[in-house]
C-alpha cells in the first residue's frame with residue numbers, strides 16, 4: 001500500500017479526513033499527520049511518503065515550501081494541495097511544482113477527494129509496473145550476457 005502524509009495546521013481538518021476517508025479502500029495507508037510543514041519535512045526525511053496532502057498556510061513551513069523541498073528529494077512525490085486559498089497566485093505556485101491536484105476546503109467533496117486519490121494510486125501502480133518490467137528486462141539481459 002502507498003503511504004499518505006497529511007499536513008494541516010487546522011486539527012479539525014486532520015481529524016475529519018482521518019476518520020471520514022476509508023484510506024485502505026483507496027489502496028493507501030494514512031502514514032502520518034502533522035500540524036506544520038517543519039514536522040512533516042522532518043518525518044518525510046526519515047521515511048518519504050508516496051502521497052502528500054497539504055494545506056498551504058501553516059506555521060514554521062508553508063505547504064508550498066514543504067512541497068518544493070520534498071520534491072527536490074523525491075521528484076516523483078505525488079501531491080494534493082487542500083487549502084482555503086482560492087487566489088490564482090497559490091494555484092500557480094502549486095502548478096509550477098507539478099502537484100497532482102488543488103482542492104479548496106470550502107468546496108470539499110469527499111467523493112471528489114477519493115477520486116483524486118484513486119487516480120494518483122492508479123498512476124503510481126502504472127509506474128511501479130513499468131519499473132518492474134524494466135527491472136525484469138535488465139535482469140534477463142544480465143543473465144544472457146555473451
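Summary of values
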quantity	calculated
Residue in the stretch 74-81 that is under 14 Å from the mean Cα position of the chain (by Cα) and without any contact (Cβ under 8 Å) to a residue 12 or more places away in the chain present	yes
So residue 98, is it modelled with pLDDT of 85 or more, surrounded by fewer than 14 Cβ atoms within 10 Å (Cβ to Cβ) and either outside any helix (DSSP H, G or I) or touching a helix residue (DSSP H, G or I) at 6+ places or on another chain (Cβ under 6 Å) (or both)	yes
Lone unmet requirement of (1) out of contact with any strand residue (DSSP E or B) (no Cβ under 8 Å at 6 or more places or on another chain); (2) over 23 Å from residue 124 (Cβ atoms); (3) touching a residue at least 24 places away in the same chain (Cβ under 8 Å) for residue 92	(3)
Enumeration of residues in the stretch 101-123 that are part of a strand (DSSP E or B) and more than 12 Å from residue 56 (Cα to Cα)	101
In the stretch 1-21, the residues that are in contact (Cβ under 8 Å) with a residue 24 or more places away in the chain and closer than 25 Å to residue 125 by Cα	1, 2, 3, 4, 5, 6, 7, 17, 20, 21
Looking only at the stretch 109-119, and only at residues there that are surrounded by 13 or more Cβ atoms within 10 Å (Cβ to Cβ) and in contact with a helix residue (DSSP H, G or I) (Cβ under 9 Å, 6 or more places away or on another chain), the one that is nearest to residue 79 (Cα to Cα)	117
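The values are calculated or read from the model by the stated rules, or taken from the named source; none is laboratory data. Since the model is a prediction, treat every value here as computed from it, not as a measurement. We place every Cβ from the backbone using ideal geometry, glycine too, and count neighbours over all the protein chains shown.
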